[in-house]
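So the structure is just underneath, and the comments pick up after that.
The values are calculated or read from the model by the stated rules, or taken from the named source; none is laboratory data. Quick caveat, the model's predicted, so the values are computed rather than measured. Quick reminder, even Gly has a Cβ in these numbers, built from the backbone with ideal geometry, and neighbours come from all protein chains shown.
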Amino acid sequence: MAATGVGGNGSPMAPEESTVSSRLGEVKRVTKETNVHVKINLDGTGVANSSTGIPFLDHMLDQLASHGLFDVYVKATGDTHIDDHHSNEDIALAIGTALLQALGDRKGINRFGHFTAPLDEAAVEVILDLSGRPHLSCGLSIPTERVGTYDTQLVEHFFQSLVNTSGMTLHIRQFCRTARTSEDEKAANGLTF
C-alpha cells in the first residue's frame, strides 16, 4: 500500500515517490536453534503480525508497533521447549538489523528521542540516540522472575541484542518499582515514543 507524504520542499509526494523512499528492513536469521524472519516498515501505521513462540514477546512487539506507528512482522520458531533464550536473542538481533536497514543513511530522521512512560503507579524513562554507536544502559529492577512464561532476566539481553545490531544508544531508567505493572512493558512502550 503506497502512502502519500510531503516532499523536501513541502509539496505533496506522489504515491510512487513515497514507495521508492519507503524505509523498509527485512532479515532472515537461521541458526541451529532458531529460524527468524523479520520485516519492518518505519512508515507504517502500527500494525504488528508476530508469532515468536513467546506470548509475552508477541505482546511487546504489538506494543512497539502500535505506539511507534511502524509495522513489524516477526515469525520465529526456536528451541523454546528448552527455554526462551535463543529465540529472544535472535529475534532482537534480527529486529535490530532490520531497523538498521530501514534507517538507511539516517538522513532526515529525528536522531534523538526521550520519553517518560507513566503507567499506573510506576514510571520508566527511555532515552535513545540513533547514532550508529551501540550502547545500552539498562536500569530496570523487575520484581518478578516471570511475566507469564517469559523469564524477565531476558529483558536486558533482548535490549542489548537490539542495540548491538541497530547501532542505537539506549538508556532505560526506572523511577518506581512495583509488582503490579511490568517494568519491561513500560520500557518497551517508552522505546516506541
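Summed over region 152-176, the residues that are of a type in the set (A, V, I, L, M, F, W, C) and surrounded by fewer than 17 Cβ atoms within 10 Å (Cβ to Cβ) give a count of 2.
Scanning region 1-54 for residues that are exposed (fewer than 13 other Cβ atoms within 10 Å of the Cβ), among the charged types (D, E, K, R) and modelled with pLDDT under 50 turns up just one, Glu16. The C-beta contact set for region 78-95 (first residue in a loop (DSSP other than H, G, I, E, B) and among the polar types (S, T, N, Q), second residue modelled with pLDDT of 95 or more and crowded, with 23+ Cβ neighbours inside 10 Å, distance under 7 angstrom, 6+ apart or interchain) comprises Thr80/Ile54; Thr80/Ser87. At least 2 residues being among the charged types (D, E, K, R) and at pLDDT 90 or above is the threshold, and among the strands (runs of 3 or more DSSP E) wholly inside region 101-193 those reaching it are 122-129. Apart from one condition, Arg133 fits all of (1) surrounded by 17 or more Cβ atoms within 10 Å (Cβ to Cβ); (2) over 20 Å from Asp79 (Cβ atoms); the exception is (1).
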